[in-house]
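Visitor: There's a structure below that I have some questions on.
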Amino acid sequence: MSSSISQQDAIAAIATPLGEGGIAVIRVSGRDAIDLIEPVFTGRKLTDQPTHTAHFGRLTHRDRVIDEVVVTLFRSPRSYTGEDTVEISCHGGVLITQAVLEAVLAAGARAALPGEFTQRAFLNGKLELSQAEAVADLIHATSKKAVETAHQQLEGELGRHIKEFRQQIIDATALVELELDFSEEDVEFAGRKQLLTLLGGLNDEIHKLLETYETGRIIKNGVRTVIAGKPNAGKSTLLNTLMGKERAIVSSIAGTTRDMIDADWSYEGLLFTLTDTAGIRETEDTIEAEGVKRSHKAIREADLVLYLVDLSDRHSDAETDVISLLKKAAGDRPFLIVGTKTDLKNRQPGDQKNGGGGDSKMDTVSGQSQPIQIAPGLYTDITVSSTKGTGIDTLKRKMRDAVLESKTIDTSSLIVTSSRHRDALEKAGRHLESAISDLNQGVSGDLLSIDLRGALHQLGLITGEITTEDLLDSIFSRFCIGK
């Protein structure tokens, strides 16, 4: 057994979702985990069996057979946690699964806390901290791209980069200490230029990594997309069209949607959380007014805003003013104006000069849609008919390009998805920038080393080489019980 592995008290939990199924798995890990199961298992003597073997038998409790089970052994250190681990596979079902867990707890195991198995894997050196966090990300992933980025982090790609960064800082610190060692001899430090080059390059690498965070955040959390507009602009119909099913009530009566409706929709591996909001207008209806108020709040918190304009209706300067205010509320987030109901354009001429609706014109040279005027001083090149399905594919691409700034997501490249990692990288970068500034000003080596140690500390927080109890509690509390 490896001396670095810490054998702790045995913990147990159901590792599979609770409910009906073909099989369920109860996981036990810790000191004497195998010895603990021996008395409640009838079959081969488990303590005599080698690691990574499976054994059929019966699990009993108080001289009563609970179920026929398969017990799989993983001896330390060759297990997920690094400890002796037993996985009991029984028939799926709430009552049987709970009965097996109760038998294991009665035999001496303790009920595991959320994330405790993975926390032990980290403490025993089986995973570094960013890998442990990736386990939770993988469990909670809601899109294909989120799964891919979590897998990449789980494989240790981020940890390898951070360790390389830390090694470069350690090398830089050695150059500083060399200067300090010879400070009394008044020897000029020839390595300052080398140190400046090293820290400058490292700072550039950290900033390149930080630039991936916004994309990473969207991949991990999804795109909060607000569908806004005047009453009866086609918001609910568009949501239903994107979803491919009826999720919101559609009515020709203005003000039907009084509260926000959320629905998740995936496009090209990216999750969009669509929010259908109450129509934005002045109203004396208290309930509808509250819906409008919430719509404004949702726009301020959105990653993407789709403002729908009914092309079959006439529009005034007032709507242009409303859109300007909403764009201001959205800040620097993408704000797409979408012309709707192109199938009803015959109610109003659809040319570009009269402010009417209609399909956007196609430039025969560039192949790009030319903007059409939909209200005084207001133009768009995105027009759809949700009932006919025309323009929907173009809208989907525009939505994706707006949040990713037309970039292609390459999940084979390193992407930062965690706000904790971003914060640590930003702080490390500030320490490096301070050290670079001090170098340029000829500051003494003992002051330089303070910032270098600060950068080293921040990067160590990402991989777990530097930890606190509060940090670990915060990270592992996100996990489900049994993982």
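No lab work stands behind these numbers, since they all come straight from the coordinates. Predicted model only: the values in this text are computed from it and were never measured. Cβ atoms come from the backbone with ideal geometry, glycine included; neighbour counts cover every protein chain shown.
Visitor: 5 Å is the cut-off here: which amide hydrogens, built 1.01 Å from N in the peptide plane, fall below it relative to Ile337, excluding neighbours closer than 5 in sequence?
Guide: Hits under the 5 Å cutoff: Tyr307.
Visitor: Label points 7 Å out from Cα along the Cβ direction at Arg62 and Arg78: separation in nm?
Guide: Placing both labels 7 Å beyond Cα along the Cβ direction yields 3.9 nm.
Visitor: Which pairs, out of Lys328/Lys388; Lys145/Lys328; Lys220/Lys388; Lys163/Lys427, put more than 21 Å between their alpha-carbon atoms? Intermediate results must be reported in sequence, preceding the final value.
Guide: Working: Lys328/Lys388 32 Å; Lys145/Lys328 31 Å; Lys220/Lys388 33 Å; Lys163/Lys427 16 Å.
Result: Lys328/Lys388; Lys145/Lys328; Lys220/Lys388 exceed 21 Å.
Visitor: Can you list the trypsin sites (Lys or Arg not before Pro) in region 396-465 that are in a DSSP coil and have 11 or fewer other beta carbons within 10 angstrom? Intermediate values should be presented prior to the final figure.
Guide: Values: sites: Lys396, Arg397, Lys398, Arg400, Lys407, Arg420, Arg422, Lys427, Arg430, Arg453; in loops: Lys407.
Taking region 396-465 and a limit of 11 other Cβ atoms within 10 Å, the loop trypsin sites (Lys or Arg not before Pro) found are Lys407.
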